[in-house]
Amino acid sequence: MKKILQDLTAEELSALAEKMGEKKYRAEQLFHALMLGKKISEITTLPAAFKEALLDKFEDEPVKIIKTQTSSDGTEKYLFGLSDGGLVEGVFMRYKYGNTVCVSTQVGCRMGCAFCASTVGGLKRNLTSGEILSEVLTVNAIHGGDIKKREVTNIVLMGSGEPLDNYDAVVKFIRCVSSEGGINISPRNISLSTCGLVPQMYDFANEGLPVNLTVSLHAPDDETRARIMPAAKRYKISDILKACSYYFEKTGRRYIFEYSLIKGVNSDEEHAKKLIKLLSGRPCHVNLIRLNEVKETKLFAAEDKEARAFLKKLTDGGLSATLRRRLGSDIAGACGQLRAGYLDGDT
Ligand code: SAH
């Protein structure tokens, strides 16, 4: 596999161009074109010899859209092909305040959550920072966005993979995507979701990046959580909550808990009561969603009525909570479903 040019920061590109005998402004032109989502071969501002020298070493298009599915609600889901044939997914969602892209950080995942399609075949490999960045740049470009007028305004690290299990690449990605002169999406408009890897949550708090932290909780007690999330055997909810408090202390940002409602597992009144007790008084929000059923698992979504009752219980109990619409559920919107279907030979 060739190297990935988008892995380099503006400064690193500058050093590279100098090493290749090019003037500084060539590095600036190159950086600008890459941030517009262009392939190396498409860049018209650079001399042919420089482009050829780059193409000898670097991938022309590290992330290609192989397939797009458009939902009736306007959500678009992409299957991205990587240069070694690896597959990941991304989603583009339109909201009133802007457009959000959901990106993947790993090919597959090794966290083993019982309800999630991304983890079915285990972890294949980490994405590099440049591959994650290319997911964003590609989606911005196909919607006609550029650097000044961005069509992607928000990013969620909620595609396949566990972002904190690919720590260095993810942090570099966040720094690159928010860098001035680049596409410059503020960390405040970026959300990172984790299944609760406690040591990395502390490290991430210390990075000084005001990213929104989301934790996949999915249960109010360790026993129930361990039934559906193997990571719960390593890290207790009480330790996750301590790490969340530290994150709040460091960044001043309230944190969010994801809670997917699964019939007969975590959606009873008892669970709601325990959740209220657990989270009362914390600067947090609870994002409920009914499980997106994945054919590889034997888990089912809580009924709509049950989900609404659960929400009411939480809000009556004083928690800040919302029940999310399942955007794109008609197009396999849940994590890893499109890739799993593709690998199975679905069209
Ligand atoms: N590894 C990270 C990012 C995962 S995806 C994490 O665990 O947070 C983002 C969210 O979707 C997580 O909260 C994850 O638990 C949830 N999720 C995965 N599969 C789902 C499904 N089938 N239905 C509902 N939510 C799901």
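When the inverse distances between all different Cα atoms of segment 144-220 are averaged and flipped, the Kirkwood radius reads 13.3 angstrom. Between Lys24 and Lys236, full extension at 0.36 nm per residue minus the direct alpha carbon distance yields a gain of 71.2 nm.
Taking amide H as placed 1.01 Å from N in the peptide plane, the amide H of Val286 sits under 5 Å from that of Phe257, Ser320, Ala321, Thr322, each at least 5 places away or on another chain. The equivalent ellipsoid of segment 140-281 has semi-axes of 31, 17, 14 Å, largest first, where each one is the square root of 5 times an eigenvalue of the Cα gyration tensor.
Pairs over the 23 Å Cα-Cα cut-off, from the set Lys67/Lys305; Lys64/Lys172; Lys277/Lys313: Lys67/Lys305. Averaging 1/r over each pair of different alpha-carbon atoms in the chain and inverting the result gives 21.0 Å, the Kirkwood hydrodynamic radius. The dipole here belongs to segment 243-319: it is taken about the Cα centre, uses +1 on the Cβ of Lys and Arg and -1 on the Cβ of Asp and Glu, and is about 240 debye.
Across segment 202-263, the fraction of Cα-Cα pairs farther apart than 18 Å, rounded to a whole number, is 38%. Evaluating 6.51 cos²θ - 1.76 cosθ + 1.60 at θ = phi - 60° for every residue in segment 273-285, the Karplus couplings come out as 4, 5, 5, 4, 4, 5, 9, 3, x, 8, x, 9, 10 Hz, glycine and proline recorded as x.
Look at the alpha carbon pairs under 8 Å that are at least 6 residues apart: their mean separation over the length of the chain gives a relative contact order of 15 percent.
About its Cα centre, segment 1-109 has a charge dipole of approximately 200 debye under the convention of +1 per Lys or Arg Cβ and -1 per Asp or Glu Cβ, with nothing else charged. Here's the list of aspartates and glutamates a cross-link from Lys236 could span, going by alpha-carbon distance under 12 Å and ignoring same-chain residues fewer than 8 apart: Asp221, Asp222, Glu223. Angle of helix 48-57 to the longest C-alpha principal axis of the chain, folded into 0 to 90 degrees and rounded to 10: 50°. With q set to 0.12, 0.22, 0.23, 0.25 Å⁻¹, the log10 of I(q)/I(0) for segment 54-122, from the Debye formula over equal scatterers at the Cα positions, is -0.43, -1.03, -1.06, -1.12. Put simply, the amide H of Asp73, placed in the peptide plane, has neighbours under 5 Å in Gly328, leaving out anything fewer than 5 places away on its chain. Here's the picture: charge each Lys and Arg Cβ at +1 and each Asp and Glu Cβ at -1 in the chain, and of Phe310, Gly21, Leu323 the one pushed furthest to the positive end of that dipole is Phe310.
Helix 24-35 and the longest principal axis of the C-alpha atoms of the chain enclose an angle of approximately 40°.
Within segment 1-37, list the residues whose amide N lies under 14 Å from a label point set 7 Å along Cα→Cβ of Ala141. Those under the cut-off are 5-7, 30-37.
Compactness ratio for segment 1-148: Cα radius of gyration over 2.2 N^0.38 Å (N = residue count) comes to 1.14.
Since every read-out is calculated from the coordinates, none of them should be taken as a lab result. Model, not experiment: these values are computed from the prediction. Positions of Cβ are generated from backbone atoms using ideal geometry, with glycine treated the same way; all protein chains shown enter the neighbour counts.
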